[in-house]
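Please treat every number below as a calculation from the coordinates, not as lab data. Just so it is clear, the structure is predicted and the values come from calculations on it, not from any experiment. Every residue, glycine as well, gets a Cβ built from its backbone with ideal geometry; the counts of neighbours run over all protein chains shown.
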Amino acid sequence: MGHSRRTYHFECTPSQSGNLVVVHNGIIENFKELRTELEAHGIGYKTDTDTETVALLTQHYMSRGHSPREASELTVGRLEGSFALAFLFHGEDDLLIAARKGSPLAIGHGSGEVYIGSDAIALAPLTNKITYLEEDDFAVLTRDSIKIWDKNGQLAKRSIRAIVIDTTHVDKAGYKHFMAKEIAEQPSTLERTLSNYITSDGLDIRVPQSDLDLAQIDRITMVACGTAFYAALTAKYWFEKIARVPVEVDIASEFRYREPPVSPGTSALFVSQSGETADTLAALRYMTSQNAAIISVVNVEESSIARESDLVLPIHAGIEIGVASTKAFTAQLTVLAMLALKVGRVRGTITDDEFRSHLADIKRIPILINQALSIENPVKKLAGKLATAQDILFLGRGSMYPLAMEGALKLKEISYIHAEGYASGELKHGPIALVDKKVPIVVMAPHDSLFEKSISNMQEVMARAGKVLLLSSKSGLDLAADGVWATLTMPDAPELITPIIYAIPAQLLAYHTAVAKGTDVDQPRNLAKSVTVE
């Protein structure tokens, strides 16, 4: 809301009824029942959306003599589901009403202005002061005042928090797309991530202070969605190998409804770029109810997930604009690798020498990422050919298996090409039936302890005329590149951090293939940056 006029940016489509506009993020589960009730009053519909139902119900209450505030409050009281709502009224230029249940909602404080948005990142370009509404809060906002009522109808005091997000990165800086910029800035991003965790003498990893004793972690349940889920799957290999802690990894949308039994001593680790992912937050609250210790890896320290955690591990990636996560993913991986190493040390599952060796490897990440970015020109040449494919397979073994799935996800979400990631050893259990000369197969095979197994699987693909794009180091390509369709030369990297380095070709292949196809790279169809509803 501005001084002389009001300017709004909506992340979702608003609905208008008479002199009222409703902006809604979420799902109104009982909108059909409410619609039937309104139809009995002779009120018709122009759309089939639940948002229009909210607008019509509010307008109905106003037609019966209720004030805008009263009508909005009565409407919110009738709604079932998960939602964040904003109500705007023609002729009421100094009034904005907001309410939340389930979906996140924040108020931004300006000078003679107020803003509302789903999270801190959305509001960061406008203000550095945020108030988060809590569950079932109802707020009446003007330029000069903010009043919030809690679920019991009592006036509530909600604190103002400072946003610690670097807003200087909210431009393309000469790049064609935000995604291209965010891929390119990963070396500097990860330098910042490392500097926030590695001690000044370079000999240890520091984590934020909390009551959680890392040495007492006996079992971890990791929960996340999308790209963050693949970061968690990768971290499972690290925690089990280095820290010797058994790990289960779940997709949040499945975990929250399965409500599995939780063993005593279980810690729950949640990974979310926004810290507002609805399914992940619901899973967190379930684990809290089971008395599990809560650890979160987030990019926004003021987010709902962070505020409800016992230990918060920020990734310090800065604002990420592109819907397809790039720098946030590699920063998540880097933080998870450091946490696994720290837990291994305090649990005594690795020696001091092993700890120092692994830490030295982790400190090389920015340099190796920079070297990996040098494959961009070869990727551009391959992208035009990949853009004509209808199906693409990604294969990987060990910790490269989650990277194969992440590569497939990146490709399909921005290029709209059907892609799947598989564990290389699963080929004979079904996926090999998909292989023919028209299907490119991206094989991620660093020259590591599983290299020979990976190449054996690759040769099975080639025997069936598969078009193999082999990603490996020079030493790996020297041994296995004969007869493949194409290669990309990756830098030699320690086995611990190869998943982080091999995220780069996954991102570049997706980006340049999408550019070759002419799709909207930063805002792919049907997708949003933060999924704040289930």
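Placing a label point 7 Å from the Cα of Arg161 along the Cα-to-Cβ direction, the residues of the range 313-341 whose backbone N falls under 13 Å of that point are 313-314. Taking amide H positions as modeled 1.01 Å from N, with prolines and chain starts lacking one, the residues under 5 Å from Leu20 and 5 or more places away or on another chain are His90.
Determine the percent antiparallel among the DSSP beta bridges restricted to the chain, to the nearest 5.
Values: 35 of 77 bridges.
About 45 percent, rounded to the nearest 5.
Which net charge results for the neighbourhood of Arg364, defined as the other residues with beta-carbon distances under 12 angstrom from its beta-carbon, given Lys and Arg at +1 and Asp and Glu at -1? Around Arg364, the charge tally is -2.
Taking the Cα centre of the range 35-121 as the origin, how large is its charge dipole in debye, to the nearest 20, when only Lys and Arg (+1) and Asp and Glu (-1) carry charge on their Cβ atoms?
Numbers: 7 positive and 13 negative charges, 38 e Å.
Here the range 35-121 has a charge dipole of around 180 debye.
Specify the longest stretch of the chain that does not include any exposed loop site, a site being one of the trypsin sites (Lys or Arg not before Pro) with a non-H, G, I, E, B DSSP assignment and at most 11 other Cβ atoms within 10 Å. Maximal segment without exposed cleavage sites: 158-436. For the range 402-482, GluC sites (Glu not before Pro) meeting the loop criterion (DSSP other than H, G, I, E, B) and having at most 13 other Cβ atoms within 10 Å: none. Any idea how far apart Asp201 and Ser63 come out in nm if each label point goes 7 Å out from Cα toward Cβ? Placing both labels 7 Å beyond Cα along the Cβ direction yields 7.5 nm. Computed from phi, the 3J(HN,Hα) profile of the range 265-282 under the Karplus parametrisation 6.51, -1.76, 1.60 (θ = phi - 60°) reads x, 7, 9, 10, 10, 10, 10, 7, 4, 7, x, 10, 4, 4, 5, 5, 5, 5 Hz, with x in place of Gly and Pro. Taking the convex hull of the alpha carbon positions in the range 410-451 and averaging its projected area over all directions gives 3.9 nm². Rounded to the nearest 20 debye, the dipole size of the range 118-259 about its Cα centre is 360 debye, using +1 on the Cβ of Lys and Arg and -1 on the Cβ of Asp and Glu.
Cross-link check: pairs Lys428/Lys517; Lys151/Lys412; Lys181/Lys381; Lys410/Lys467; Lys412/Lys467 evaluated at a Cα-Cα cut-off of 30 Å; pairs beyond the cut-off: Lys428/Lys517; Lys151/Lys412. Here the label points at Ala360 and Gln390, each 7 Å from Cα along the C-beta direction, are separated by 5.2 nm in the simple model. Working note: Karplus 6.51/-1.76/1.60 with θ = phi - 60° gives the range 219-232 the couplings 7, 10, 9, 9, 9, 6, 10, x, 4, 4, 5, 5, 5, 5 Hz, where Gly and Pro are set to x.
Spacing of the modelled spin labels on Ala173 and Asn377, each 7 Å from Cα toward Cβ, amounts to 2.2 nm.
Projected onto the charge dipole of the chain (+1 at Lys/Arg Cβ, -1 at Asp/Glu Cβ, origin at the Cα centre), which of Val22, Ala514, Val323 gives the Cα projection farthest towards the positive end? Highest projection toward the positive end goes to Ala514.
Set the Förster distance to 35 Å, then compute FRET efficiency between Glu248 and Thr142 from the Cβ-Cβ distance, nearest 0.05. List each step's numbers first, then the result.
On the way: r = 49 Å, r/R0 = 1.39.
Calculated value: 0.10.
If the chain linking Arg219 and Thr36 were pulled fully straight, counting 0.36 nm for each residue of separation and taking away their Cα-Cα distance, it would gain 60.9 nm.
Among Tyr230, Ser415, Gln273, whose Cα sits farthest toward the positive end of the charge dipole of the chain (+1 at Cβ of Lys/Arg, -1 at Cβ of Asp/Glu, about the Cα centre)? Of the listed residues, the answer is Ser415.
Where nothing but the Cβ of Lys and Arg (+1) and of Asp and Glu (-1) is charged, how large is the charge dipole of the chain around its Cα centre, in debye to the nearest 20? Let's see the in-between values first.
On the way: 53 positive and 65 negative charges, 209 e Å.
Approximately 1000 debye in magnitude.
Determine which lysines satisfy two conditions relative to Lys32: a Cα distance under 20 Å, and not lying fewer than 8 residues away in the same chain. Once the sequence-local lysines are set aside, what remains near Lys32 is Lys46, Lys101.
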